[in-house]
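First up is the structure itself, then whatever we jot down about it.
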Amino acid sequence: MEIQPTYPIRKIIHIDMDAFYASVEQRDNPEYRGKPIVVGGPPEGRGGVVATASYEARKFGIRSAMPSKKALQLCPHAIFVRPRFAAYKEVSNHIREIFSRYTDLIEPLSLDEAYLDVTNDKLGIGLAIDIAQQIKQAIKDELQLTASAGVSVNKFVAKIASDMNKPDGLKFIGPSSIEAFMETLPVEKFFGVGKVTAEKMRNMGLHTGADLKRLSEDELTRHFGKSGKFYYKIVRGIDEREVQPNRETKSMGAEDTFAYDLTTEEEMYAELEKIAQTVNNRLLKYDLKGRTITLKVKYADFKQITRNQSFPSPVGDFETISATAKQLLFHSGIDDVKVRLLGITLSNFGEPTRKQKPEKLDGQLELF
């Protein structure tokens, strides 16, 4: 028995900037245009990580989160550029202002990506695809950057659609086309399906949405737990999640992958102080304090640990963050170890001390 939609039909747009960091660098530096640009940690020494790559670099197989050394192997003439997060944030704020001309229902996912609910758009334009086109044009005219947009009746389909015609794409998937579209979609494209789940599905002979659709809700739940209920709905194009303009920040932090392994207590503590200062600055910006401080350590052999300490009342000052992180590191054992990465995160915020909610930040890779 097929599920009949009982939820209101919405007009959802998913906007995704094209190779955002790299595009900003190419816009601001004419000598980079048309060339393979990699934004991230440099490949010298032990190497950093790719934050993003221009489309010219992607042709060589370079992808986000790839080690910079591997990126250099794939494209020896790639140009590595250290990220300028302040510049990206400024551009992101301008993009957000463009969005707000059309709707107040904006759910940012990162600096370069957001959902918009334009069911009741401010300008009375009506057609969501026309709104998406106007937004794309405004971004191009005012910022000299391109964005891709997906338009549909729910978040999941809109997000998939925005990735279909990149760069500078615009794709509409209407209600009558959704189920047929979902049937052709590879299982690894489904929301919440990671590598492990995708492999499990393929081993079961489930390769596309059509394959998933053949299983009952009970069968999907038996094999995939609570996620099975979601798969049962989403393969039929049903996604009832609303656009949430005030997503609560659950954690805030920063981390750094080092060009060379840290081997001494002095080096580790010095780096922790820098990271603690970055975290403190972010907390001050959004007037947040947290009750839990978490230390993340990745060793040269890629083994990773986390250690945390909770406090009876919220903290957010540099001294407490720095001292706690050092203490957690000390008790984790720092003799005869080589450290590749350190990170500090605060969580367990409760309510901000001011009324407004902070926006979700673009990950935690702030330092390189």
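Would you mention how many residues in the stretch 169-181 are surrounded by 14 or more Cβ atoms within 10 Å (Cβ to Cβ) and farther than 19 Å from GLY228 by Cβ?
Within the stretch 169-181, the first condition is being surrounded by 14 or more Cβ atoms within 10 Å (Cβ to Cβ), and the residues that meet it are 169-173, 178-179, 181.
With farther than 19 Å from GLY228 by Cβ added as a condition, the list becomes 169-173, 178, 181.
Selection size over the stretch 169-181: 7.
Counting only residues that are crowded, with 23+ Cβ neighbours inside 10 Å and touching a helix residue (DSSP H, G or I) at 6+ places or on another chain (Cβ under 6 Å), which one in the stretch 54-76 is nearest to VAL91 (Cα to Cα)? Talk me through it step by step, then tell me what you get.
Of all residues in the stretch 54-76, those crowded, with 23+ Cβ neighbours inside 10 Å come to 54, 57, 62, 68, 71.
Narrowing the set further to residues that are touching a helix residue (DSSP H, G or I) at 6+ places or on another chain (Cβ under 6 Å) leaves 54, 62.
Values: SER54: 17, ILE62: 24 Å.
Within the stretch 54-76, the match that is nearest to VAL91 (Cα to Cα) is SER54.
Which pairs have Cβ atoms under 8 Å, sit 6 or more apart or on different chains, and link a residue in the stretch 175-200 that is under 18 Å from GLU240 (Cα atoms) and free of Cβ contacts under 8 Å to residues at least 60 places away in the same chain to one that is of a type in the set (Gly, Ala, Ser) and assigned to a helix (DSSP H, G or I)?
MET182/GLY209; PHE190/GLY209; GLY192/SER227
Any residue in the stretch 17-28 that's without any contact (Cβ under 8 Å) to a residue 60 or more places away in the chain and farther than 18 Å from ALA78 by Cβ: show its pairings with residues that are of a type in the set (Phe, Trp, Tyr) and surrounded by 24 or more Cβ atoms within 10 Å (Cβ to Cβ) at Cβ separation under 9 Å, as long as the two are six or more apart or on different chains.
Sorted first by the residue in the stretch 17-28, then by its partner, the list stays empty.
State yes or no: is ARG101 within 30 Å of PHE258 (Cβ to Cβ) and of a type in the set (Lys, Arg)?
no
Scan the stretch 261-273 and give yes if some residue there is exposed (fewer than 14 other Cβ atoms within 10 Å of the Cβ) and assigned to a strand (DSSP E or B), otherwise no.
Looking for residues that are exposed (fewer than 14 other Cβ atoms within 10 Å of the Cβ) and assigned to a strand (DSSP E or B), one finds none in the stretch 261-273, hence no.
Among the residues of the stretch 260-297, which ones are touching a helix residue (DSSP H, G or I) at 6+ places or on another chain (Cβ under 7 Å) and not hydrophobic (A, V, I, L, M, F, W, C)? Lay out the reasoning, then the answer.
As a first pass, look at the stretch 260-297 and keep what is touching a helix residue (DSSP H, G or I) at 6+ places or on another chain (Cβ under 7 Å): 262, 268-269, 272-273, 276-277, 279-280, 289, 293, 295, 297.
TYR269, GLU273, GLN277, ASN280, LYS289 - these are the residues of the stretch 260-297 that are touching a helix residue (DSSP H, G or I) at 6+ places or on another chain (Cβ under 7 Å) and not hydrophobic (A, V, I, L, M, F, W, C).
Hey, ARG101 hits all of (1) of a type outside the set (Asp, Glu); (2) more than 15 Å from ILE12 (Cα to Cα); (3) in contact (Cβ under 8 Å) with a residue 40 or more places away in the chain but one; which does it fall short on?
So ARG101 meets the others, but not (3).
Do you know which residues across the stretch 182-212 are crowded, with 17+ Cβ neighbours inside 10 Å, small (Gly, Ala, Ser) and farther than 20 Å from LYS159 by Cα?
Hits for the stretch 182-212: nothing passes.
Every number in this text was worked out from the coordinates using simple rules, so none of it is lab data. These numbers come from a predicted model, not from an experiment. For neighbour counting, all protein chains shown are included, and Cβ atoms are generated from backbone atoms with ideal geometry for every residue, glycine included.
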